[in-house]
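Participant: One structure follows; several queries about it will come next.
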Amino acid sequence: MQLTLPEALLVLVFRAARHGRRPNLTAFCARSRTEVAELEAAFEALEARGLLSLVPEGERLTLQGLAQAAALSARLGTRQRPLRWCRPLAA
């Protein structure tokens, strides 16, 4: 499953918030080979869709953004770790 840049950013913010951390945007840009202008456009797209808001403390997911990010994260988790689901079958 290939995520768009805004979706990948939403998952990054969700996973960081779930662990009580701030997202590492520098590492995200390096991994995804994203320029700052593209990252800014992704933040603006998420804000326009009502999934994320930027506050002085950092990024804040809306309820709709939280639901969508959780669904995307769960789908990514099953795709990236397929052997985890096979363990009960092998036992």
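The values are calculated or read from the model by the stated rules, or taken from the named source; none is laboratory data. Small disclaimer: the values here were computed from a predicted structure and weren't measured. For neighbour counting, all protein chains shown are included, and Cβ atoms are generated from backbone atoms with ideal geometry for every residue, glycine included.
Participant: Say we look at the stretch 42-55 and pick out the residues that are touching a helix residue (DSSP H, G or I) at 6+ places or on another chain (Cβ under 8 Å) and assigned to a helix (DSSP H, G or I); which of these is nearest to L72 (Cα to Cα)?
Facilitator: L46
Participant: Could you check how many residues of the stretch 1-42 are closer than 14 Å to L54 by Cα and acidic (D, E)?
Facilitator: 1
Participant: May I pose another question? Where residues in the stretch 54-91 are more than 17 Å from R15 (Cβ to Cβ) and modelled with pLDDT of 90 or more, which of them is surrounded by the fewest Cβ atoms within 10 Å (Cβ to Cβ)?
Facilitator: Once the filter is applied, the top-ranked residue is L63.
Participant: Further question on the same structure: Considering the stretch 1-37 alone, what residues qualify as being polar (S, T, N, Q) and in a helix (DSSP H, G or I)?
Facilitator: Residues satisfying the conditions are T26, S32.
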